[in-house]
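Remarks on the structure that follows.
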Amino acid sequence: MTLDQPITSLGVFVRRYTRDLATLGIKTAEDALLHFPFRYEDLSQITDVQHLREGEQCTVRGLVKSIGSFRTPRRNMVIVEAILSDQTGSVVLMWFGQQHIAKTVQIGDELLISGMVTRGKNGLQFVSPAWEPVREVQAHVGRIAPVYSVSGALTPKALRTIMLRLLPVSGSISEIIPESIRKAEGLLPRGDMIRALHFPESMEEVRAASKARDFEQLFLLSLGNAWMRADLERFKAIPILFAEAETKQFVSRLPFILTKGQRVSSWEILQDLTRDVPMNRLLDGDVGAGKTVVAALAALNVALAKAQTVFLVPTGVLAGQHFQSLTRLFASEDVSVALFTAGTLRTAHHGVVSETDRATVVEDIASGKHQIIVGTHALLEDDVVFSRLALAVVDEQHRFGVAQRKKLSRKAGAGLLPHLLSMTATPIPRTLTLTAFGDLSLSRIPERPPGRTPVETILVTKERDTTITAAIRAARANGHQVFVVCPRITDEGASDRRAVSIVALEIAMLVPECRVATLHGKLKTQEKEQIMAAFVAGEQDILVSTTVIEVGVDVPNATLMIIDGADAFGLSQLHQLRGRVGRGGAAGTCLLLPQHASRETFLRLKLLTECHDGWRLAEADLETRGPGEMLGTNQSGFGELTLETLRNEAVREAATRAAEELLKKDPSLEKEPYLRACLEKRFADVQLS
């Protein structure tokens, strides 16, 4: 086996998990070895049977004296029962519904057993314990066992088995960190680090390997951030002078007063625009914080400088909403706004909206007639040429926006690059932005606009149908609409998570008088936009959807959000979803319906009912679910980072310092070809040159 071989080369056992492994980003042997455990269970301490105590987690080694199975008459369930003995005594082992164990384990086999000791009718026993035959090298029991994040039918035990088979090739993995830095920081060689992370001999090894892993992650991020900053410096941007009088006049006409966060963020952006160095800024504001008006202030100054701004958004529905907002904001200004999506083409000037055709709008964008162009990826097509593109505003895309900027750079002119303003409504903790977004300048809008009432959030753990029905009918009695969100599209497959297809039927049965529509990501773009447009227009009462509606969709008439299977989502995502309601004059309500009401689930969701601070919720998500929850699946390279890593200032500072010193000595990394190749692979989608 070599590092670049497909993981499926390991045989039939692995091929059954091909799809689940791919979901985790594991396609080759190297991918697997770089998928590290997120915690460990110390099952290495062997306890004699005579020293077992009820209520304790213990590991026992012994011989199987008897084993058999029987079926319970009442529930028709198979129970496997065995007796395990060592030199000090015997203990009962029981497994429910696992008949294969009775066929796999034979009398006389030597096993390692680990689990909670309980008391049964025949004395002390283990119920459904982890088990493994005694081998030369243990994978699951009798050692410090790694626990991995998994997907679908793939279990931590199955993944441990795969990792154990790959361990012999871990020694051939290339070093990333230069030897001089590794020795100066006292880090394990990379092959030793990988072996110790997957199958450590002691917790001391775990700590040493974790330090090396954390340093490597932070070193690569620091180096990558510096790499991209250097990449930006190869370009120039159109400097936009601050039009103070016109900006003040524009602000004075607004029907609301800007918050402090909006004013500070606007000033930071406007200052960046005056330079010929391309701006690279992230505007981070909670749901409803008013990021669009901040972007509009920047676009106004660009228009006054006879240049153009493009607003790139992920969906046609969201593009239409941005177009409407900008049309209202610029109704009193001599600024032309165009909407450009695959299905809709419009223009607006002084608040008057006109339909147009593709050929005309493409010609008018090229001539500079339209100063603000709002659209989807359709704007990136080759025949769309800008007259003088100075600013790109990318909504809800994080670093993905830089990938789009790579295409936009070809439309800005030779050697030029538009200033970039990325906007996100996912509050990102400072511990994460310092590390993961080190190449971006950060602006924050911490407040919500005055008058916006927090959405009342209720955790529903009993009388679900009664509560749902009453809430829907109360909303409909006032003429309001309802969102219902589920984790899955259909009920096919092994997962028990709630699905749109099932929930929509249940809702229709509970409130047959209501018009119910469904929406999910597998529908064609045009179909999704038609369904969403019909809901916005009030043609449907209830929209049952996946999280496709979480980003930016604005339906002022929607006041009730029901999240079925709420325990399947992170707190930040739930916070985003409830932000879709209560955006008009009426207050909003959000019902959280967990599917599995464990104590941990209850406490986590209870925090959402008490807290409306997106940054505090994001910190809680970071602690329990990791940065992937906030950064999304496209944020390659961040999945292994832990909260402990992000908060470890000493390691972060050492990694940053080492990265900066290396680039000073070797800016193009000619002496470190493998490291350079790793960076080019990792940042291929966002590098501009």
Residues in segment 594-612 near a label at Glu506, defined as backbone nitrogen under 14 Å from the 7 Å Cα→Cβ point? 594-597
Segment 75-184 shape via C-alpha gyration tensor axes, a/c threshold 1.5: prolate
Taking the beta-carbon count within 10 Å as an exposure proxy, list Val460, Val251 from fewest neighbours to most. Val251, Val460
Ranking Met1, Met193 by Cβ neighbours within 10 Å, fewest first, what do you get? Met1, Met193
Listed by chain and number, the aspartates and glutamates with an alpha carbon less than 14 angstrom from that of Lys65, same-chain partners under 8 positions apart left out, are Glu81, Asp86, Asp109, Glu110
Label model pair Arg275, Glu381: point-to-point distance (7 angstrom along the Cα→beta-carbon line) in nm is 3.7
Considering only the other residues whose Cβ falls under 10 Å of the Cβ of Thr589, what net charge follows from Lys and Arg at +1 and Asp and Glu at -1? 0
Assuming R0 = 56 Å, can you tell me the calculated FRET efficiency for the pair Arg207 and Glu513, based on Cβ-Cβ distance, to the nearest 0.05? 0.35
Set the Förster distance to 22 Å, then compute FRET efficiency between Lys681 and Glu661 from the Cβ-Cβ distance, nearest 0.05. 0.45
What aspartates and glutamates could a cross-link reach from Lys306, if we take a straight Cα to Cα line under 19 Å and drop same-chain neighbours fewer than 8 places away? Glu244, Glu246, Asp272, Asp276, Glu333, Asp334, Glu363, Asp364
Test of the criteria: in segment 1-76, which chymotrypsin sites (Phe, Trp or Tyr not before Pro) are in a DSSP loop and have at most 16 other Cβ atoms within 10 angstrom of their Cβ? Phe38
Charges at C-beta only: +1 for Lys and Arg, -1 for Asp and Glu. How large is the resulting dipole of the chain about its Cα centre, in Debye rounded to 20? 540
Using a Förster distance of 60 Å, how high is the FRET efficiency between Arg234 and Arg75, based on the Cβ-Cβ distance and rounded to 0.05? 0.30
The chain: antiparallel bridges as % of DSSP beta bridges, rounded to 5, reads 45
Per-residue [θ]222 nm for the chain (sum of -39500 (n - 2.57) over DSSP H runs n ≥ 4, rounded to 500): -11000 deg cm²/dmol
Which of the trypsin sites (Lys or Arg not before Pro) across segment 214-290 are loop residues per DSSP, with 12 or fewer other Cβ within 10 Å? Arg234
For the pair Glu623 and Asp357, the simple spin-label estimate (label points 7 Å beyond Cα toward Cβ) gives in nm 6.1
Classify segment 199-341 as rounded, prolate or oblate from the Cα gyration tensor: take a ≥ b ≥ c as the square roots of its eigenvalues, call it rounded if a/c is under 1.5, otherwise prolate when a/b beats b/c and oblate if not. prolate
Using Cα positions and a limit of under 21 Å, work out the lysines in reach of Lys27, with same-chain residues fewer than 8 apart set aside. Lys157, Lys681
Distance check, please: which entries in Lys236/Lys291; Lys528/Lys606; Lys121/Lys606; Lys211/Lys665 exceed 28 angstrom between their Cα atoms? Lys528/Lys606; Lys121/Lys606
C-alpha center-to-center spacing [segment 140-208, segment 326-341] in angstrom: 55
What net charge do the residues around Leu3 carry, taking every other residue with its C-beta under 11 Å from that of Leu3, with Lys and Arg at +1 and Asp and Glu at -1? -3
Say each of Ser252 and Thr118 gets a label point 7 Å from the Cα, pointing the same way as Cα to Cβ; how far apart are those two points in nm? 7.5
Using Cβ counts within 10 Å as a stand-in for footprinting exposure, how do His520, His575 rank, fewest first? His520, His575
Test of the criteria: in segment 184-276, which GluC sites (Glu not before Pro) are in a DSSP loop and have at most 13 other Cβ atoms within 10 angstrom of their Cβ? Glu201, Glu233
Each residue of segment 254-271 in turn: what ³J(HN,Hα) in whole Hz from Karplus with 6.51, -1.76, 1.60 and θ = phi - 60°, glycine and Pro shown as x? 5, x, 8, 9, 5, 6, 4, x, 5, 5, 5, 4, 4, 5, 4, 5, 4, 5
How high is the relative contact order of the chain, given as a whole-number percent (alpha carbon pairs under 8 Å, six or more residues apart)? 11
By its C-alpha gyration tensor, with a ≥ b ≥ c as the square roots of the eigenvalues, how is segment 317-378 shaped: rounded for a/c under 1.5, else prolate for a/b larger than b/c, else oblate? oblate
With Leu300 itself left out, Lys, Arg at +1 and Asp, Glu at -1 over residues whose Cβ is under 13 Å from its Cβ give -1
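Readers should treat all values here as calculations from the given coordinates under stated rules, not as data from a laboratory. Not measured: the values here are computed from a predicted model. Please note: Cβ atoms are built from the backbone with ideal geometry, for glycine as well, and neighbour counts cover all protein chains shown.
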